Amino acid sequence: MTTVYTITNKITGRTYVGKTSRRFPPARIAKHFEALRSNRHKVEMMQDDFNKYGEDSFVVHYLDSFDELEGARMEVFMMKVLRSQDRRFGYNYKDRSGTSKYAIADRWRAPPRYWGCVFRSLVKED
């Protein structure tokens, strides 16, 4: 199973879309924040915003769990919907549509099966 998640800066509005195959998804999020606190996160712009606005300016949403291929499709879909690869709107710096399983994930003609859960998740208030 794969869990798709977002990390959003409430001040800048920028979002990072990711996925993890860990059984306990908060462990992956903890790795992100551990790297941010240590000033060694690989996404430079996210690190800069963390240093400027602090940890409390970030909010995490778990979108849902999927099988591996559907999770890859959902991750690519959400990057496109949220425009997270555009530096004005997001922190995703890699185009995942050209390599291995992501190339397969990006070739769908319709949104992933579970796209409705994503929008319900995004409109929930914390």
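Going by the structure shown, is THR12 within 21 Å of VAL76 (Cα to Cα) and open to solvent by less than 90 Å² (accessible area, probe 1.4 Å)? Taking the combined requirement at face value, the residue does not satisfy it. Screening SER21 with (1) modelled with pLDDT under 95; (2) surrounded by 14 or more Cβ atoms within 10 Å (Cβ to Cβ) gives one miss only, at (2).
Does at least one position in the range 61-70 carry a residue that is open to solvent by less than 30 Å² (accessible area, probe 1.4 Å) and closer than 14 Å to GLY13 by Cα? No, there is no match, as no residue in the range 61-70 is open to solvent by less than 30 Å² (accessible area, probe 1.4 Å) and closer than 14 Å to GLY13 by Cα. If I ask for residues that are under 24 Å from ARG88 (Cβ atoms), of a type in the set (Lys, Arg) and either touching a Lys or Arg at 6+ places or on another chain (Cβ under 7 Å) or in a helix (DSSP H, G or I) (or both), which ones from the range 20-73 would you list? Once the filter is applied, which keeps residues that are under 24 Å from ARG88 (Cβ atoms), of a type in the set (Lys, Arg) and either touching a Lys or Arg at 6+ places or on another chain (Cβ under 7 Å) or in a helix (DSSP H, G or I) (or both), the range 20-73 yields only LYS52. One residue stands out in the range 48-59 among those that are touching a residue at least 12 places away in the same chain (Cβ under 8 Å) and over 12 Å from ARG14 (Cα atoms): the one that is surrounded by the fewest Cβ atoms within 10 Å (Cβ to Cβ), namely GLU55.
The values are calculated or read from the model by the stated rules, or taken from the named source; none is laboratory data. Predicted, not measured: the structure shown is a model, and the values here were computed from it. All Cβ positions, glycine included, derive from the backbone under ideal geometry; neighbour counts span all protein chains shown. Remember, those area values only see protein heavy atoms, side chains included, never the ligands or the DNA or RNA. Shrake-Rupley method; radii C 1.70, N 1.55, O 1.52, S 1.80 Å.
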